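Asker: Before I ask anything, here is the structure I am working with.
The values are calculated or read from the model by the stated rules, or taken from the named source; none is laboratory data. This is a predicted model, so every value here is computed, not measured. FYI the Cβ positions are ideal-geometry reconstructions off the backbone, even for glycines, and counts take in every protein chain you see.
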Amino acid sequence: MRPDRTLGMLCQICRFVPVYGEPVAQDTVQQESAAPATPARGLLPLVLPALVVGVGASLLYLGVSGLAEQLEHVLWRNLPDALGVGRYSVLWMTVMLTATGVAVGLIVWKAPGHAGPDPATLGLAVTTPLPPSVVPGLLAAAALMLAGGPSLGPENPVIVANAALAFWLGRRIAPRLPGAVWVTLAEAATIGALFGTPVAAALLLSEALAGRPMRGRMWDNVFGPLIAAAAGALTTTLLARPSLDLDLPSFGGPHWGDLPSVLVVASAGALLGMAAVYAFPYVHGAFRRLGHPMVALPAGGLALGLLAALGGHLTLFKGLDEVAALARNPDSWSAGQFATMSVVKLAAMLVAASCGFRGGRIFPSVFIGAALGLCAHALVPAVHPALGVSAGVLGVLLAVTRHGWVSLFTAAVLAPSPGMLALLCVASLPAWLLVTGRPQMQLHEDGTALR
């Protein structure tokens, strides 16, 4: 992955493309330009807390991920080999996913704070930090989920846990800093750690600050969070060396035929993602009526096992390793197989997010969009596989997250190319028109969708 190169390309495009959402009023721009800058002595006290939170957030993320990987190795390799059962046989996938539902359900039932709030009500932003007593149960549930195979990523529980710990410790170590500062630092640090670059955190911050009244200049407001994001990203990079670059066939310069391709694939991804968004309240309501986590989560695990039997083992887990397997040889599967994997993964993410598994929806969405893009390439070989993957991921992420810049960034780093980025920016516009103003894949406490 080349985040520095991608950021430079994004900055060039951002000069011409407005931020998704309401247009920026002229008086807002004038206020920003006229706002007094915060003196250095007002920013310097944030440096040390931001560095500490950034490194700590990354270490917690790496610890949970490492524990989950070790447990996954035991559950999906050592144990089935010892029992003489196929690692990804229908029987073993069904048993493991149901057992994961039982284990996570037991934690949600008995752990302090029930392992956090209903994940269907959570986004990437933390509104109210949890008590620290809830964090162990939340992280245990997340680690078991990651190891057991449900189609969710680590982002939501890790962000919530880091925000809770940073808020609790920060208020005791440096009580003069507002509590919201610690939460913002933790969110930015975790996003930086997850992506291995602070660019994604910077883009999220720019979206969060758009249209809000600010004290001082924009860069004064993001100074501390960017330090935290950079510290988290560097810690993750130095210790784990992550990469989102799928090493797809190189995309050269754009051609006229690429424009309709990218428009169609991105819009199809947005429509596919919106199918899950509209189904979310109904599927969540069905599991909610089961009434108890020891019923809803095992039932969800069983449903996920049956879906895995339909879509194959590549539709398990959070999806990053699996999408890399698809990208290594995109001609190894037919269009029908790619379409099946995309739909099954979408259904698996929908079930896992509805029944109570603690996890996020960004990384599974990457798999869904990539499978959709490779399906387009298999159907129409003129669609470049790198272009199809990036456009599909862009459309699905726009529908599922509603974070325009993060969706564009994620799609761009999967197969970085200056020529492709311009096409993706164009493709994001009709895809955004398909999703904006419609229900989101996040619910209120009463089970109705946010708008």
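Asker: In region 217-258, which residues are at pLDDT 80 or above, in a helix (DSSP H, G or I) and loosely packed, with under 14 Cβ neighbours inside 10 Å?
Answerer: LEU238, LEU239
Asker: Can you find a residue in region 121-142 that is closer than 22 Å to GLU207 by Cα, modelled with pLDDT under 90, more than 16 Å from the chain's Cα centre (by Cα) and surrounded by fewer than 22 Cβ atoms within 10 Å (Cβ to Cβ)?
Answerer: Yes, the conditions are met somewhere in region 121-142.
Asker: Moving on to the next point. Restrict the check to region 222-240 and report whether at least one residue is touching a residue at least 12 places away in the same chain (Cβ under 8 Å), hydroxyl-bearing (Ser, Thr, Tyr) and closer than 25 Å to VAL435 by Cα.
Answerer: No; the residues of region 222-240 include none that is touching a residue at least 12 places away in the same chain (Cβ under 8 Å), hydroxyl-bearing (Ser, Thr, Tyr) and closer than 25 Å to VAL435 by Cα.
Asker: Could you count how many residues in region 159-210 are among the small types (Gly, Ala, Ser) and part of a loop (DSSP other than H, G, I, E, B)?
Answerer: 3
Asker: Give just the number: which of (1) β-branched (Val, Ile, Thr); (2) buried (at least 23 other Cβ atoms within 10 Å of the Cβ); (3) without any contact (Cβ under 8 Å) to a residue 60 or more places away in the chain does THR340 not satisfy?
Answerer: Of (1) β-branched (Val, Ile, Thr); (2) buried (at least 23 other Cβ atoms within 10 Å of the Cβ); (3) without any contact (Cβ under 8 Å) to a residue 60 or more places away in the chain, only one is false for THR340: (2).
Asker: ALA115: at pLDDT 95 or above and either surrounded by 19 or more Cβ atoms within 10 Å (Cβ to Cβ) or closer than 20 Å to GLY63 by Cα (or both), yes or no? It would help to see each step written out before you state the result.
Answerer: Numbers: at pLDDT 95 or above: no; either surrounded by 19 or more Cβ atoms within 10 Å (Cβ to Cβ) or closer than 20 Å to GLY63 by Cα (or both): yes.
The answer is no for ALA115.
Asker: Also, I was wondering about something else. Just checking, how many residues over region 253-287 are under 18 Å from MET420 (Cα atoms) and touching a Lys or Arg at 6+ places or on another chain (Cβ under 8 Å)?
Answerer: 0
Asker: Ok, one more. Can you tell me which of ALA268, ALA275 is in contact (Cβ under 8 Å) with a residue 12 or more places away in the chain and within 22 Å of PRO119 (Cα to Cα)? Please lay out each step first, then the result.
Answerer: Values: ALA268 fails: within 22 Å of PRO119 (Cα to Cα).
Criteria check complete, one pass: ALA275.
Asker: What residue, of LEU290, LEU248, LEU271, is more than 24 Å from THR401 (Cα to Cα), within 23 Å of the chain's Cα centre (by Cα) and of a type in the set (A, V, I, L, M)?
Answerer: Exactly one of LEU290, LEU248, LEU271 is more than 24 Å from THR401 (Cα to Cα), within 23 Å of the chain's Cα centre (by Cα) and of a type in the set (A, V, I, L, M), namely LEU248.
Asker: Please determine whether any residue of region 78-95 is part of a helix (DSSP H, G or I) and touching a His at 6+ places or on another chain (Cβ under 8 Å). Before you say what the answer is, go through the steps one by one.
Answerer: First, the residues of region 78-95 that are part of a helix (DSSP H, G or I): 78-83, 90-95.
Filter again for touching a His at 6+ places or on another chain (Cβ under 8 Å), leaving 93.
Yes, there is a match, as at least one residue in region 78-95 is part of a helix (DSSP H, G or I) and touching a His at 6+ places or on another chain (Cβ under 8 Å).
Asker: Right, here's the next one. Suppose the filter is at pLDDT below 95 and over 24 Å from the mean Cα position of the chain (by Cα); does TYR88 pass it?
Answerer: Answer is yes for this residue.
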